[in-house]
Amino acid sequence: MLPVIAAVAVFGQPSSRPRFEVASIKPAGDQGFMMMRLLPNGLTGTASVKLLMQRAYAAQSFQITGGPEWINSERYAIDAKAAGTPSRDQISLMLQSLLEERFQLKTHRETREVPVFNLVIARGGPKLPPPKEGGCEDSTDPLPELTGGRMAPPGSGGAPLTRCGGLGVSLQTGGARMSGGKIPMPELVRNLSVVLGRTVVDRTGFTGLFDVRLDFLPDDGTPALPPPPPDAASSNAMSPSIFSALPEQLGLRLEAAKGPVEVIVIDHVERPSAN
């Protein structure tokens with residue numbers, strides 16, 4: 001479900017909602033991969049309107065529907081600064097205001113019955129190792145966010161840090177690796193939802209913390225990840241699909257189901273006004 005802060009932009013715009021002090025939005029062409037980075041007083045990066053909406057409303061790609069095709073394909077360089085040191089939630093509200101002002105964005109929410117995955121315990125029980133001492137890094141710096149959209153291919157960026165409480169996904173020639181330390185089940189479910197492009201519902205009943213190392217081969221079932229290289233099928237190091245890797249490596253299983261999912265419907269959007 002979307003957090004309460006998303007309802008502010010969808011159902012009305014209170015006069016007290018914060019705004020960026022300075023914001024620049026410029027067309028960025030269609031080359032390269034999209035990325036957004038949180039700053040202590042704002043955010044910067046290159047993103048499509050849909051990715052900006054994902055960050056603004058804490059939504060996944062599959063929770064946003066409607067609108068013209070250019071909201072997915074056209075990219076914009078954004079550099080936005082606020083006064084002071086706003087929280088993540090405040091930056092999200094500021095980005096909502098910016099989308100409404102510069103892109104004339106208008107939306108509403110609906111709950112729809114759509115395909116989902118239930119995450120359950122596989123036969124034989126869970127294989128979720130307890131956190132290993134020193135196996136991850138404690139830090140107050142923001143965790144990189146996996147929010148959807150195709151990731152960069154192998155070699156285009158550094159491997160993610162093993163940060164306590166957060167998962168990272170790295171790509172290698174033989175496949176992909178999802179890893180992290182001291183992970184709660186909601187964090188694993190959130191990342192699986194992004195990678196699979198579909199809501200994942202926790203039906204495991206598991207409440208403890210655990211370490212994660214999940215190796216799998218990206219395919220049509222993992223739309224957030226780029227496809228493997230052409231010669232991956234002949235590689236001896238090839239990983240299994242994520243559907244096979246979960247029961248083998250973590251003792252968890254995905255079951256196809258249908259369930260209610262809250263979505264943001266785009267009623268109106270325009271290309272941005274000039275700075």
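The values are calculated or read from the model by the stated rules, or taken from the named source; none is laboratory data. Remember, predicted model here, so these are calculated numbers, not experimental data. We place every Cβ from the backbone using ideal geometry, glycine too, and count neighbours over all the protein chains shown. Please note that ligands, DNA and RNA were not included when accessible areas were found on the heavy atoms of the full protein model with its side chains. Shrake-Rupley method; radii C 1.70, N 1.55, O 1.52, S 1.80 Å.
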To make sure I understand the rule: partners must be lysines, Cα under 30 Å from the Cα of K81, and not fewer than 8 residues away in the same chain. Which ones qualify? K26, K50, K106
Ignoring ligands and nucleic acids, V194 exposes an accessible area, probe 1.4 Å, in Å² to the nearest 10, of 10 Å²
For G125, what charge total do you get from the other residues with a beta carbon under 15 Å from its beta carbon, if Lys and Arg give +1 and Asp and Glu give -1? +3
What is the sum of charges, Lys and Arg at +1 and Asp and Glu at -1, for the other residues whose Cβ falls under 11 Å from the Cβ of A59? +2
Pop the C-beta distance of F33 and K81 into the FRET formula with R0 = 30 Å and round what comes out to the nearest 0.05. 0.80
What figure, in Å² to the nearest 10, do you get for the accessible area of L167 with a 1.4 Å probe and non-protein molecules left out? 20 Å²
Charge dipole magnitude, Cβ of K and R +1, D and E -1 - the stretch 9-140, Cα centre, debye nearest 20: 140 debye
Leaving out same-chain residues fewer than 8 places away, which lysines sit with a Cα under 28 Å from that of K182? K127, K132
In a shell of Cβ-Cβ distance under 10 Å around V261, excluding V261 itself, what net charge do Lys and Arg (+1) and Asp and Glu (-1) give? 0
